[in-house]
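Written out below as structure tokens is the structure these notes cover.
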Amino acid sequence: MTLSVAAPPQHPSAGEHRRPHLAALDGLRGLAVIAVLLFHGGKLQGGFLGVDLFFALSGFLITSLLLAEVDATGRVDLFAFWGRRLRRLLPAVLLLLVGVTIITTFIASVPERAATLNDGPWAQAYVANWHAIAGHSDYWGSFELPRMFGHLWSLAIEEQFYLVWPVVLALIAWRTRRAHRALIYVCITASLLSLIQMVRLFDAGNPTRVYIGTDTRASSLLVGAFFAAAPVRSVANSLTSRLGRAYNGVAAIVLGAIFVFWAVADGVESPWLFRGGLLAHSLLSALIVAGSAARPTAMASRAIGWEPLRITGVLSYSLYLWHWPVYAWLSEDRTGISGWPLLVLRLLVSFAAAAISKRLVEDPIRFKAMWARGRSGLVALIAVTIAVALFWVVIPRPDTAPATFTLDQLATSSSAALVTTTAEPVSTTIAPATSTSASATSLASTTTTTVAPTTTTVLLDPIQRVFMVGDSMAFDEWPGLAAAISSSGISIDGYVFPGIGLLDTWVESAAVAAERVVEFHPDLVLYQASQWDFGAVEDQRAAYSHFVDVVLGAGARLAFITIPPVRQDQLKDQLDTLPGVMEELAAQHPGQVIILNGDGAWGPVYVQDVNGDKVPERKPDGVHVCPSGAAMFAVWLMDELQQRFAEFTPAPPSEWATGSWIDDPRYTKPEGICAKLP
């Protein structure tokens, strides 16, 4: 047997369009892509596992083709294989890359345009997954700020598999006549190594690296490849034959188990997925693939091959390519609709785009265009690849620098937010000034008065040391606030970092925050409440009460800052009970625990540009803040502190608001996130 890397033939010797087409396998493709469509539409939390069904199916089919060639010729014609794969996959991708980039240039936001241009060349080179890993991207967070080509990580993994796996099989065929048995050992060994790598590298805070890494996801493809080996297929054929009609029940159980995975898996909230769960799902996927191939006429296979599912499966490649940009373009903000009506609109446009791509580009090049084969096809491929590569160079790039603001704009922004808040008086319990000490004991009796939200009649003791705690919202607020507090002669420190939240038990943030508070010995602790503090009211009360005890035990007061308004689609369930928990604690600890209503800074609803000056105070993800917003928040908070604490004189914004802090990377990553609005 010989290893072949011969020049591409003029006509395909094993053209994949000539192999038998099994309706059940197309149906499985349809199920897989539907799961992904529902996941990205927010309707199926584990639907991302449809990609793993794709992987298992691809590993099975590609390995079956390669082994058939080995059986027939004793070798693998690598160039012929790669030529067929490129002719099948590349035209649609190039159309997507160019088309999406042009459309995005005209209709999308600056950060979306910048990300598209940054990701495009890597997507063209089929290394989008490693580009995302190198950039420390968060796959799960990408749904808040869509990257038009973010979904191409899976295509990159498949293409890398298509590049390496035929070489492995060619070497096996070259070295042994028992290629099928050797392949089994390779698949088992490599799958286990891949699983070990996933477990070793898994990070509960951000599992992106193991979820989109080729090395850690290879097992899903290799499990499918395992079932393509003749001895395994022989066992599958024998078992399904012996089962007879009972096979339909077994197939239903396997499919049911897959659906359970799709129903219960929840990305970063399901660490078990990355400790063997993904491999188990891939094994189930490979089982149903192998069973459908072995018993194509069984009732279960005919059900899976139901015509609507089969047609969806035939469109699945184009549908997967186009759906994510379509979802990003047709956002709730742009369309003004949400929920199922929005999803239906997205699906209709996605199916239309997929059908056009397949009918006008993919099928003609794949089946009809003779120039796409042989040497002429190679020349055309090189020419088009170079042209698209030049496209990334010549297309204009947007200005991605954070929008600058003036002190006048800052004052206008703050005023605009303030006038939108309620002016109804509220009953506020306030302690008169007392001497500060290292403990929280001996506080004077309290006085109850009816005042406006930012008015106090008795000032609390002076503060000299302030500590801030919070998650990614506070993380963005921090640079401006730290500059303002420091300029006012107050020492400030904080524990602010993405992933914090008093209810985030999986990162132990509450314990770390408590330790830092005790170490700093502050007079005042600011806690920026978060949408991640959602949960049962009992859990909220327990976590907040514990933090109050820590702060008061350290001799400090605690100020809860209410959750800033977020975009409607970013709201979490079970947040409506949080204000009540804060009020309970403030009532239990009058003068020691206070509540600052953040609506005074942001207004009652999320607005990206508070005063309409094209300088965004909030990021387009609907949650976080830009430099202008951080400065606006600091101005508001300084005013709140001045009205509550004796001897506190805020530094004027001219001393701190336009400092170097506005160039912090948190306001520039991803590119254009805080750019001037169009």
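Per this entry, Ile188 is counted among residues that are open to solvent by 10 Å² or more (accessible area, probe 1.4 Å) and without any contact (Cβ under 8 Å) to a residue 60 or more places away in the chain. Set side by side, the residues Ala24, Ala56, Ala72, Ala35 differ, and just one is surrounded by fewer than 19 Cβ atoms within 10 Å (Cβ to Cβ) and either assigned to a helix (DSSP H, G or I) or charged (D, E, K, R) (or both), which is Ala72. Selection within the range 585-615: residues that are within 23 Å of the chain's Cα centre (by Cα) and not aromatic (Phe, Trp, Tyr). The member of this set that is farthest from Ala403 (Cα to Cα) is Val607. The single residue among Gly612, Gly629, Gly600, Gly622 that is open to solvent by less than 30 Å² (accessible area, probe 1.4 Å) and part of a loop (DSSP other than H, G, I, E, B) turns out to be Gly622. Selection of the range 204-222 for residues being without any contact (Cβ under 8 Å) to a residue 24 or more places away in the chain and crowded, with 22+ Cβ neighbours inside 10 Å yields only Thr216. Residues that are assigned to a helix (DSSP H, G or I) and open to solvent by 20 Å² or more (accessible area, probe 1.4 Å) within the range 111-131 comprise Arg113, Asn118, Pro121, Trp122, Gln124, Trp130, His131, listed in sequence order. Counting only residues that are aliphatic (A, V, I, L, M) and loosely packed, with under 13 Cβ neighbours inside 10 Å, the range 335-357 holds 3 of them. Right, Gly553: within 15 Å of Glu640 (Cβ to Cβ) and not basic (Lys, Arg) or not? Here the answer is no, as Gly553 does not meet what is asked.
List pairs: first residue in the range 575-590 and of a type in the set (S, T, N, Q), second residue open to solvent by less than 50 Å² (accessible area, probe 1.4 Å) anywhere in the structure, Cβ distance under 6 angstrom, at least six positions apart or on different chains. Going by the 6 Å Cβ cut-off, the qualifying pairs are Thr577/Val537. The sole residue among Ala303, Ala263, Ala280 that is open to solvent by 40 Å² or more (accessible area, probe 1.4 Å) and within 26 Å of Ala128 (Cα to Cα) is Ala280. With respect to being surrounded by 20 or more Cβ atoms within 10 Å (Cβ to Cβ), among the hydroxyl-bearing types (Ser, Thr, Tyr) and within 18 Å of Phe60 (Cα to Cα), Ser318 falls outside the description.
Note on the range 565-597: residues that are under 14 Å from Phe534 (Cα atoms), in contact with a helix residue (DSSP H, G or I) (Cβ under 7 Å, 6 or more places away or on another chain) and open to solvent by 40 Å² or more (accessible area, probe 1.4 Å) total 1. If the condition is being of a type outside the set (Asp, Glu) and assigned to a helix (DSSP H, G or I), then the range 562-597 contributes Gln568, Gln570, Leu578, Pro579, Gly580, Val581, Met582, Leu585, Ala586, Ala587, Gln588.
Where helices (runs of 4 or more DSSP H) sit wholly within the range 282-389, those with at least 3 residues that are under 23 Å from His151 (Cβ atoms) and at pLDDT 95 or above occupy 307-314, 316-329, 339-357. Looking at the range 234-245, is at least one residue in contact with a His (Cβ under 8 Å, 6 or more places away or on another chain) and buried (at least 19 other Cβ atoms within 10 Å of the Cβ)? Looking through the range 234-245, none of the residues is in contact with a His (Cβ under 8 Å, 6 or more places away or on another chain) and buried (at least 19 other Cβ atoms within 10 Å of the Cβ).
Return a yes/no flag: does the range 650-668 have any residue that is open to solvent by 10 Å² or more (accessible area, probe 1.4 Å), closer than 22 Å to Glu112 by Cβ, of a type in the set (Lys, Arg) and assigned to a loop (DSSP other than H, G, I, E, B). Checked against the condition, which is being open to solvent by 10 Å² or more (accessible area, probe 1.4 Å), closer than 22 Å to Glu112 by Cβ, of a type in the set (Lys, Arg) and assigned to a loop (DSSP other than H, G, I, E, B), the range 650-668 yields no hits at all. A count restricted to the range 509-558 and to residues that are among the charged types (D, E, K, R) and either assigned to a loop (DSSP other than H, G, I, E, B) or touching a residue at least 40 places away in the same chain (Cβ under 8 Å) (or both) stands at 5. Every listed requirement among (1) free of Cβ contacts under 8 Å to residues at least 24 places away in the same chain; (2) at negative phi; (3) open to solvent by 50 Å² or more (accessible area, probe 1.4 Å) is met by Pro308 save one, (1). Evaluate the range 115-122: report whether one residue or more is within 26 Å of Asp569 (Cβ to Cβ), touching a His at 6+ places or on another chain (Cβ under 8 Å) and either at pLDDT 95 or above or among the polar types (S, T, N, Q) (or both). Yes; the residues of the range 115-122 include at least one that is within 26 Å of Asp569 (Cβ to Cβ), touching a His at 6+ places or on another chain (Cβ under 8 Å) and either at pLDDT 95 or above or among the polar types (S, T, N, Q) (or both). Quick check, is Pro364 loosely packed, with under 14 Cβ neighbours inside 10 Å, in contact with a helix residue (DSSP H, G or I) (Cβ under 8 Å, 6 or more places away or on another chain) and of a type outside the set (Ser, Thr, Tyr)? It is false that Pro364 is loosely packed, with under 14 Cβ neighbours inside 10 Å, in contact with a helix residue (DSSP H, G or I) (Cβ under 8 Å, 6 or more places away or on another chain) and of a type outside the set (Ser, Thr, Tyr). Note on the range 477-529: among residues that are surrounded by fewer than 17 Cβ atoms within 10 Å (Cβ to Cβ) and among the hydroxyl-bearing types (Ser, Thr, Tyr), the one that is farthest from Leu410 (Cα to Cα) is Thr505.
Looking across the range 132-151, the residues that are crowded, with 18+ Cβ neighbours inside 10 Å and outside any helix (DSSP H, G or I) come down to Ser137, Tyr139, Leu145, Pro146, Arg147, Met148, Phe149.
Among the candidates Ala387, Ala303, the residue that is under 30 Å from Leu28 (Cβ atoms) and over 22 Å from the mean Cα position of the chain (by Cα) is uniquely Ala303.
Step by step: first the residues of the range 367-414, then only those that are among the charged types (D, E, K, R) and without any contact (Cβ under 8 Å) to a residue 24 or more places away in the chain, then the one that is least open to solvent (accessible area, probe 1.4 Å). Which residue is that? Ranking the candidates gives Asp408 first. Against the conditions (1) surrounded by fewer than 18 Cβ atoms within 10 Å (Cβ to Cβ); (2) in contact (Cβ under 8 Å) with a residue 40 or more places away in the chain; (3) among the hydrophobic types (A, V, I, L, M, F, W, C), Ile258 satisfies every one except (1). Every listed requirement among (1) surrounded by fewer than 22 Cβ atoms within 10 Å (Cβ to Cβ); (2) out of contact with any Gly (no Cβ under 7 Å at 6 or more places or on another chain) is met by Gly47 save one, (1).
The values are calculated or read from the model by the stated rules, or taken from the named source; none is laboratory data. In this text, all values refer to a predicted model and were calculated from it rather than measured experimentally. Cβ: placed from backbone, ideal geometry, glycine included. Neighbour counts: every protein chain shown. Heads up: the accessible areas ignore ligands, DNA and RNA and are worked out on the full protein's heavy atoms, side chains in. Shrake-Rupley method; radii C 1.70, N 1.55, O 1.52, S 1.80 Å.
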